[in-house]
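One structure is given below, encoded as structure tokens.
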Amino acid sequence: MKISKYPIITVTAIILTGLFASCEDFLDREPKSNIAPENYFVDVSQLQAYTDRRYQDILPNSPGNSYGYFSNDKNTDNQIEPTVPSRFVKGEWRVPLNSGSWSFTQIYHLNFFFANVLPKFGEDLSGSQNTISGDLQTIRHYIGEMYFLRAYEYFKRYQAFGDYPIITEPLADDMEILTEAAKRSPRNEVARFILSDLDKAVTLMDGKEMRTTRITRDVALLFKSRVALHEGTWLKYFKGTAFVPNGEGWPGKSKEYNANYQFPSGSIDNEINWFLDQAMLASKDVAERYKNNLTENTGILRQSVDTPENPYFAMFASEDYSSVKEVMLWREYAAGLIHNDVALASTLGNWGVGVTRSYVQNYLMNDGLPVYAHGSYTDGDGYYLGDKTISDLKANKDSRLALFLKEPGQKNIFIFSVSLAPKYAVNPVPDITTGDQGDLYTTGYCLRKGGAWDNKYITQNRGYLSIPIFRSAEALLNYMEASYERNGTLDALAKEYWQKLRNRALVSDNIDATIAATDMGKEAENDWAAYSAGQLLSDKTLYNIRRERRCEFLSEGLRWMDLRRWRAMDQLITKPYIAEGFHLWNTPMQDWYNNEGTGESKLIYGNDKSNVSSPEDSEYLRPHRKRTNQLGYDGFIWLMAHYLEPIRIDQLMITAPDSKTVENSPIYQNPYWPMEAGLAAEK
């Protein structure tokens, strides 16, 4: 899918792109500009132009960042592609020589801004020494946005690598200085640095109203709660391992500068609690002001021009979110200017990304009970109707699934504003055998999230529905989890927030009944997050908090982050996960694939021309087991090394004293990854 530029950037900003273009090199050293920065950054409009350009490069859903509700959680237990990714196949993910996420390009751009703006504004951030022309509060706001963007960029790098260099200024082109700067700070110190930048952002942006296409104080607080919750739970579940400072085998210990590391709070337990406290405070601040403004959900899927739109559905499929209070930050697109293919993908087959059986089974029934409390997954007891048709599967189910899971015969398009004949105005039988990647229903299950009823949005590379980036519902979920992880109890606020989310989903808010009916052995069949550190959770309340998060963020891009911070994939080391789709065999859906007239099945299995998996393997479609030579045929396999990315070897070589002996570099490789390019992790 292609996505064009955002925001709508001024001519000045486009010029700046050329002035400060990136150079991929060690610490991404920057070429010199043709315009002296002291003659720029002198007016508020110039600060805005430079900041706008960073939005495009750093925030999600921008050019170069794939986007779509169909793909944000792909290659997890939520959604899969036709091919198993290398991170789940032993020996396929290898240490790169000169590629990967170890990059400082955007960090340099951000630090360049601070190095040239803060002397004009005042290093103490009070603005008392400001010499930049324009409204002072607006100047403060743009500087605050840049602190947020640096925090966001650092969060991406920290998620990928854990320990990471903290660099706060554009560095001189001096090898000694650059090598010193390459030293990795322990991951919790990086997280603290991110929170510090977000605190600055909150202070600077406080009191300034902006359209919600721009970062605000509340967005910074919400993001702070996400970062703090991430580090608090990572430290908890990886405690004592090579993935946290001072844990057994922590590679940072091998370097003199980290050899005697002490936690700022005195111990890892204190550090865990500090981060969870920060998450609670920040999330509560946001949740208390937004909790009564969750977008209404009528539970109705619109199917004609005469039916009013469901506001909850429209929250993921609108041009303008200015009046949607739950959407705290969104990316705007515009006809003829900036475009995406989100609605088109929703109308077709989600670009080959399918929802898994384990995901749809994980959603509760409307009465708040798990599916297995109403009979078997296959047949049900009459309230749950079984899964032999998609329609039956969705009946009496959590509306977050029922609204967005497509089924044959539903209308995808019923407003025809332009003369385009849409390919699938009515949703077809899932194409599980012959479709190209645009049409292929990999699992038989497909989402309509982000879909448009009007055909004007679905022309290839011409769609212009806008995209939510931050929703206030996350604050409620972050508080629920952080407070429970911190205190081991479900406090009154957490329960209130939980019930508000349940009520909006049209699911019973009797949380206690859900917890009592939860069978962790059954949940382990459907949810990687039923585990942490290879052990099945015994705490059913904690598990159900994780479940609520999974269901609320249906393909909104948080699943991979959550699975890693919960350490929820160790069990795949010894028990590979076989991804499944819909109930194909011995159901009415099997007959969808009979040739008209002859009645002969189009489904082939058991040979090298197979287009589906064998019914002897499972009655459920297994997309990665159609043929024995498929990559990942034996399932998703995990290695501990894969919780973090490997560091590219050229960075180790450049920083080594002799420019070749990587072991002598101040940069250390991540746990269990080799120090040689082209090799795979063994553990």
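The values are calculated or read from the model by the stated rules, or taken from the named source; none is laboratory data. This is a predicted model, so every value here is computed, not measured. In this analysis, Cβ positions are derived from the backbone assuming ideal geometry, glycine residues included, and neighbour counts consider all displayed protein chains.
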With criteria (1) farther than 26 Å from Gly299 by Cβ; (2) buried (at least 19 other Cβ atoms within 10 Å of the Cβ); (3) not basic (Lys, Arg), Asp439 comes up short on (2)
Right, Asp199: charged (D, E, K, R), out of contact with any helix residue (DSSP H, G or I) (no Cβ under 7 Å at 6 or more places or on another chain) and under 24 Å from Glu481 (Cβ atoms) or not?
yes
Working only within the stretch 86-104, note down all residues that are among the aromatic types (Phe, Trp, Tyr) and either part of a loop (DSSP other than H, G, I, E, B) or surrounded by fewer than 22 Cβ atoms within 10 Å (Cβ to Cβ) (or both).
Trp93, Trp102, Phe104
Restricting to helices (runs of 4 or more DSSP H) lying wholly in the stretch 165-247: which have 2 or more residues that are over 23 Å from the mean Cα position of the chain (by Cα)?
175-181, 187-205
Residue ID - nearest to Ser419 (Cα to Cα), chosen from residues in the stretch 459-503 that are at pLDDT below 95 and hydroxyl-bearing (Ser, Thr, Tyr)
Thr459
Residues in the stretch 431-463 that are in a loop (DSSP other than H, G, I, E, B), within 13 Å of Ala317 (Cα to Cα) and among the charged types (D, E, K, R) total 2
Looking at the stretch 486-526, which of the residues that are of a type in the set (D, E, K, R) and in contact with a Lys or Arg (Cβ under 7 Å, 6 or more places away or on another chain) is farthest from Leu235 (Cα to Cα)?
Asp509
If I filter the stretch 337-344 for residues that are small (Gly, Ala, Ser), in contact with a strand residue (DSSP E or B) (Cβ under 8 Å, 6 or more places away or on another chain) and modelled with pLDDT under 95, do I get at least one hit?
yes
Failed condition for Pro311, given (1) free of Cβ contacts under 8 Å to residues at least 40 places away in the same chain; (2) over 24 Å from the mean Cα position of the chain (by Cα), with all others met?
(2)
Among the candidates Val89, Val117, which residue alone is at pLDDT 90 or above and closer than 30 Å to Met675 by Cα?
Val89
Quick check, is Asn310 closer than 21 Å to Ser225 by Cα, out of contact with any helix residue (DSSP H, G or I) (no Cβ under 6 Å at 6 or more places or on another chain) and surrounded by fewer than 20 Cβ atoms within 10 Å (Cβ to Cβ)?
no
In the stretch 298-323, which residues are in contact with a strand residue (DSSP E or B) (Cβ under 8 Å, 6 or more places away or on another chain) and among the β-branched types (Val, Ile, Thr)?
Val305
Being touching a helix residue (DSSP H, G or I) at 6+ places or on another chain (Cβ under 7 Å), closer than 30 Å to Ala641 by Cβ, among the hydrophobic types (A, V, I, L, M, F, W, C) and surrounded by fewer than 20 Cβ atoms within 10 Å (Cβ to Cβ) narrows Ile166, Ile194, Ile107 down to just Ile166
I'd like the full set of residues that are charged (D, E, K, R) and under 27 Å from the mean Cα position of the chain (by Cα), limited to the stretch 626-652.
Asp634, Glu645, Arg648
May I ask you to verify whether Ala115 is in contact (Cβ under 8 Å) with a residue 12 or more places away in the chain and either more than 28 Å from the chain's Cα centre (by Cα) or crowded, with 23+ Cβ neighbours inside 10 Å (or both)?
yes
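Yes/no per residue for (1) of a type in the set (A, V, I, L, M); (2) within 24 Å of Arg331 (Cβ to Cβ); (3) surrounded by 19 or more Cβ atoms within 10 Å (Cβ to Cβ); (4) in contact (Cβ under 8 Å) with a residue 60 or more places away in the chain:
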residue	(1), (2), (3), (4)
Arg211	no, yes, no, yes
Leu222	yes, yes, yes, yes
Ser225	no, yes, yes, yes
Gly232	no, no, yes, yes
When you look at Ile647, is it in a helix (DSSP H, G or I) and under 30 Å from Asn258 (Cβ atoms), yes or no?
no
Taking Gly382 as the residue in question, decide whether it is surrounded by fewer than 14 Cβ atoms within 10 Å (Cβ to Cβ) and either in contact (Cβ under 8 Å) with a residue 40 or more places away in the chain or out of contact with any Cys (no Cβ under 8 Å at 6 or more places or on another chain) (or both).
yes
Look at Gly606 and say whether it is part of a loop (DSSP other than H, G, I, E, B) and either modelled with pLDDT under 95 or in contact with a Cys (Cβ under 8 Å, 6 or more places away or on another chain) (or both).
yes
Within the stretch 395-421, track down each residue that is surrounded by fewer than 19 Cβ atoms within 10 Å (Cβ to Cβ) and either without any contact (Cβ under 8 Å) to a residue 12 or more places away in the chain or more than 30 Å from Tyr377 (Cβ to Cβ) (or both).
Ala395, Phe414, Ile415, Phe416, Ser417, Val418, Ser419, Leu420, Ala421
Just name the residue that is surrounded by the fewest Cβ atoms within 10 Å (Cβ to Cβ) out of those in the stretch 120-146 that are under 36 Å from the mean Cα position of the chain (by Cα) and among the aliphatic types (A, V, I, L, M).
Leu136
Could you tell me which of the residues Tyr142, Tyr158 is within 16 Å of Lys224 (Cα to Cα) and not basic (Lys, Arg)?
Tyr158
Name the residue that is farthest from Leu554 (Cα to Cα), counting only residues in the stretch 491-530 that are in contact (Cβ under 8 Å) with a residue 24 or more places away in the chain, in contact with a Ser or Thr (Cβ under 6 Å, 6 or more places away or on another chain) and not small (Gly, Ala, Ser).
Ile515
From the set of residues in the stretch 351-361 that are surrounded by fewer than 24 Cβ atoms within 10 Å (Cβ to Cβ) and of a type in the set (S, T, N, Q), which is nearest to Leu440 (Cα to Cα)?
Ser358
Determine whether the stretch 140-148 contains at least one residue that is part of a helix (DSSP H, G or I) and within 30 Å of Met640 (Cβ to Cβ).
no
Name the single residue, out of those in the stretch 604-652 being closer than 17 Å to Pro82 by Cβ and touching a strand residue (DSSP E or B) at 6+ places or on another chain (Cβ under 9 Å), that is surrounded by the fewest Cβ atoms within 10 Å (Cβ to Cβ).
Gly635
Among the residues of the stretch 461-497, the number that are among the polar types (S, T, N, Q) and under 23 Å from Leu537 (Cβ atoms) is 4
Residues that are touching a residue at least 60 places away in the same chain (Cβ under 8 Å) and β-branched (Val, Ile, Thr): does the stretch 584-599 have at least one?
yes
